[in-house]
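Scroll down for the structure; my scribbles are underneath it.
The values are calculated or read from the model by the stated rules, or taken from the named source; none is laboratory data. Please read these numbers as outputs of a predicted model, since none were measured by experiment. Cβ coordinates were reconstructed from backbone atoms using ideal geometry, including for glycine residues, and neighbour counts include every protein chain displayed. We work out accessible area using only protein heavy atoms, side chains counted, and drop any ligands, DNA or RNA first. Shrake-Rupley method; radii C 1.70, N 1.55, O 1.52, S 1.80 Å.
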Amino acid sequence: MALVRTLIDRAQSHSEPTLPPGLSEMYDGDLHFPESSAERPFVIANFVSTLDGVVSYEIKGQAGGSTVSGSDTADGFIMGLLRASADAVIVGARTVHDASPEGLWIPEYTYPDAKLLFREYRVNVLHKPEYPLLVVVSGSGRLELERAIFRTHGVRTVVITTSAGSDVLVKAGATKLPFVQIHALDAKCGTMAPMAMLRLLYAQLGVRRLLHEGGPTLFGQFLAAEAVDELFLTLSPQIAGRKGDAIRPGLVQGMEFMPDRAPGFQLLSVKQRAEHLYLRYGRTGGHSSDGVEQDSRFRKSP
Ligand SMILES: NC(=O)c1ccc[n+]([C@@H]2O[C@H](COP(=O)([O-])OP(=O)(O)OC[C@H]3O[C@@H](n4cnc5c(N)ncnc54)[C@H](OP(=O)(O)O)[C@@H]3O)[C@@H](O)[C@H]2O)c1
C-alpha cells in the first residue's frame, strides 16, 4: 500500500528499477542516486522542519525530529528508506546526545514494519551489509559510551574526532568496544574540515553514498564546503515560533551565506501524505534563481 503520493517527479528515469516492488509501492515510485565522484561520497541530507523552518523545539526530551514531524509515519518510512540506501549515516555529537540512549541509526528503527523489505533491498539489490555504518562527529570526544550505538551487535560505529578527543575516548574505554572505531583528524580550534571527513570515509572506509542526518551545525559546515548533493526535507504542518532568548534552530546553525553565494537547489520530487510534504532537492552549481544552473543528471520538468 502506498504511504505517500507522488505529486512531482523530475528525477531521471532509469530502465532498471532499483527498489523492490514492496518498497516502490510504499514510496509511490523508484529511487535512484548518481554514482559518487572520484574523491568523495555522494552526500544526501535528510531533515524535517516546521512550516517556519524550525528543526528542533530545543525542549528536553522533545528536541528531536520526531517531535517536529509529529511522529509522522511516512517521514519515518522515508528516513528508513534513505538509511537503507546509504553506506553510512553521519551525525553530529549533539544530535546523538539529544536522542534516546537506545536510539539506533538503522533503517528499521524509524519504520519497523519494513524491516524485511529494507534488508532485502540493502543485501540483495544494493549488495551492502545489513546496516549502514554510523559516523559520529565529535571534536571533544565527550560521548556517552553506554549508548546502544556503541554496544549493539552488528552495528558498526565510527567516531571522527580530534587527537584530543581521541585521547578522551581511549581513556573512557572506547577502544575496548568491539564494534567501535576511532579516527582522529587534524582540526582548527577543535573543528575538523568536512572534506577531510569525506576523504577519510571514502578512502579508508569505502563509503560511496553518505546520508547526512544533521544536526544543523554539522550540516551548515557541509553546505559551506559544497559537500551536500541532495536534500530530502519533510515539511511538517506546524509552526514552532521563536523567542529572542530561546534559540530554535533552522536547517543551518552557526553559518550564514551571502545572498549571491547562498547554496541553491532544484526540486527533484514532491510527495505528500495528508498535510505533510516530502521534498527532494538536488544541489545546483550556482545560486538559485531564474536561469539556475541545471544539473545535467536530472531532466527538466514537463
Ligand atoms: N529535525 C531534524 O530533522 C533534525 C535533524 C538532526 C538534528 N536535529 C536536532 O538538532 C539538534 C542538534 O543540532 P546541533 O546543530 O545543535 O548539533 P550537531 O550538529 O548535531 O552536533 C554539534 C556537535 O558535533 C560536533 N561537531 C560538529 N561539527 C564538527 C566539526 N566540524 N569538527 C568537530 N566536531 C564537530 C561537536 O561536538 P563536540 O561538542 O563533542 O566537539 C558539536 O558540538 C538536536 O536537538 C537534534 O535533535 C533535528
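Among the residues of segment 101-125, those that are of a type outside the set (A, V, I, L, M) and either open to solvent by 50 Å² or more (accessible area, probe 1.4 Å) or over 18 Å from the mean Cα position of the chain (by Cα) (or both) comprise Pro101, Glu102, Tyr109, Pro112, Asp113, Lys115, Arg119, Glu120, Tyr121, Asn124. Within segment 151-173, not a single residue is within 20 Å of Gly65 (Cα to Cα), open to solvent by less than 20 Å² (accessible area, probe 1.4 Å) and polar (S, T, N, Q).
Conditions tested, residue by residue: (1) within 16 Å of the ligand (Cβ to nearest atom); (2) in contact (Cβ under 8 Å) with a residue 24 or more places away in the chain; (3) open to solvent by 10 Å² or more (accessible area, probe 1.4 Å).
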{"residue": "Asp9", "(1), (2), (3)": "no, yes, yes"}
{"residue": "Gln12", "(1), (2), (3)": "no, yes, yes"}
{"residue": "Ser24", "(1), (2), (3)": "no, no, yes"}
{"residue": "Asp72", "(1), (2), (3)": "yes, yes, yes"}
{"residue": "Ser85", "(1), (2), (3)": "no, yes, no"}
{"residue": "Thr95", "(1), (2), (3)": "yes, yes, yes"}
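Summed over segment 193-214, residues that are open to solvent by 10 Å² or more (accessible area, probe 1.4 Å) and within 11 Å of the ligand (Cβ to nearest atom) total 5. All conditions but one from (1) more than 14 Å from the ligand (Cβ to nearest atom); (2) touching a residue at least 40 places away in the same chain (Cβ under 8 Å) apply to Gln181; the one that does not is (2). One residue alone among Leu251, Leu223, Leu211, Leu218 is in contact with a Gly (Cβ under 8 Å, 6 or more places away or on another chain), within 19 Å of Val55 (Cβ to Cβ) and outside any loop (DSSP other than H, G, I, E, B), and that residue is Leu218.
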